[in-house]
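> Below are the structure tokens for one structure; questions will follow.
The values are calculated or read from the model by the stated rules, or taken from the named source; none is laboratory data. All values reported here derive from a predicted model rather than from experimental measurement. A quick note on method: Cβ atoms are made from the backbone with ideal geometry, for glycine too, and the neighbour counts reach across all protein chains shown.
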2 protein chains.
Amino acid sequence: MATDTLSLTFSALADPTRRAILARLADGEATVTELAEPFEISLPAISRHLKVLETSGLISRGRSAQWRTSRLEPAPLAEVNAYLETYRRFLGSSFDRLAEHLRRVQEESGHPLDDTHGDRTADTTRTTTPTRTTDTDEDER
Amino acid sequence: MATDTLSLTFSALADPTRRAILARLADGEATVTELAEPFEISLPAISRHLKVLETSGLISRGRSAQWRTSRLEPAPLAEVNAYLETYRRFLGSSFDRLAEHLRRVQEESGHPLDDTHGDRTADTTRTTTPTRTTDTDEDER
DNA sequence: CAGTTAATTAACGTTCTGGTTAAATAATAG
DNA sequence: CTATTATTTAACCAGAACGTTAATTAACTG
């Protein structure tokens, strides 16, 4: 695996379980067992997810008696945001309009922060680039 | 690998080579050989990176004679942006201040879009959460 | 058609991921 | 000290990721 911060952050975010954990942590700190509760996987598995999140800096951890608490940390998310900034300027309006639309869709269907994101949020893909230049946009094979 | 869009996008973005390819594509469409030029890895490897990017929707591909062109697509990045929105609201000011700072730092050092992001952008991590609650913030072991 | 250029697919090896169960560690409670 | 609760580490496994080289496909060129 690449070892730079962005790569670590993106690959940490690439797992639905870990994203769900982060969503949970947005509601406040929690212990390992609490975080594990919604999932069917074993505690050691959760423990390792937490280690991945910690390594990427997305969470920090503390101890209260025999409990290890996890807390959401803003820095890596802010860095992702900064990364997007580049493309936000480049892609211009379509970017923000799409994001705005996706945000609204996301809000409609249930609690905004309690997702595992198993959906497709279709109907937005490839409907926003009217500036054709060279190609034919077909798929290979 | 998880098959939902966000997971696909995040894991596509988790690779520095792929991010560099996207950065290159922000300057306009390019062929496979052109995209491969800055890297030391083989052409088949690049070809597969492109397939990953295509699968996640981050790029679309067309054909011009024997050349396959790749083009940056905004939708997945917009979706990432929408994902962050959730936390942007939650994390409040620190989020944007951090992002703003990171953006500035990023701008200073060279061409904004031509990065492989091998740096650490230190000095921002964990300096922004004054709201302690329970724990001691020590590391384990 | 034969040859060249561009890109992909096939086959293969190594390393990383994400899960499991069993054992070990940490801290509290009796 | 012993037991209990919370969490991590160890050992293991299956599958995915990412690289390689060799072979194949696609499209143009003479």
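> Among the listed residues A:ALA30, A:ALA2, A:ALA45, which satisfies the condition of being touching a helix residue (DSSP H, G or I) at 6+ places or on another chain (Cβ under 7 Å), at pLDDT 95 or above and not hydroxyl-bearing (Ser, Thr, Tyr)?
Checking each option against the conditions leaves just A:ALA30.
> Has region A:29-45 got any residue that is surrounded by 23 or more Cβ atoms within 10 Å (Cβ to Cβ), hydrophobic (A, V, I, L, M, F, W, C), in contact with an Asp or Glu (Cβ under 7 Å, 6 or more places away or on another chain) and under 24 Å from B:GLU85 (Cβ atoms)?
no
> Additional query: Please find, within region B:5-26, the residue that is modelled with the lowest pLDDT out of those that are more than 11 Å from the chain's Cα centre (by Cα) and closer than 16 Å to B:ASN81 by Cα.
So the residue we want is B:THR5.
> Which of the residues spanning region B:3-56 are within 8 Å of DNA strand D (Cβ to nearest atom), of a type in the set (Asp, Glu) and closer than 21 Å to A:LEU13 by Cβ?
The answer is B:ASP15, and nothing else.
> I would also like to ask the following. Can B:THR9 be described as β-branched (Val, Ile, Thr), part of a helix (DSSP H, G or I) and out of contact with any Pro (no Cβ under 9 Å at 6 or more places or on another chain)?
Against the criterion (β-branched (Val, Ile, Thr), part of a helix (DSSP H, G or I) and out of contact with any Pro (no Cβ under 9 Å at 6 or more places or on another chain)), B:THR9 does not qualify.
> Within region A:27-82, work out how many residues are under 15 Å from the mean Cα position of the chain (by Cα) and either more than 8 Å from DNA strand C (Cβ to nearest atom) or at the interface with chain B (Cβ under 9 Å from one of its Cβ atoms) (or both).
Qualifying residue count, region A:27-82: 18.
> Right, next: Using the structure shown, decide if B:LEU77 is modelled with pLDDT under 85 and surrounded by 19 or more Cβ atoms within 10 Å (Cβ to Cβ).
Taking the combined requirement at face value, the residue does not satisfy it.
> May I ask you to list pairs of residues, at least six apart or on different chains, whose Cβ atoms are under 6 Å apart, with the first in region A:10-23 being of a type in the set (Phe, Trp, Tyr) and the second being assigned to a loop (DSSP other than H, G, I, E, B)?
Note: pairs meeting the criteria are A:PHE10/B:ALA14.
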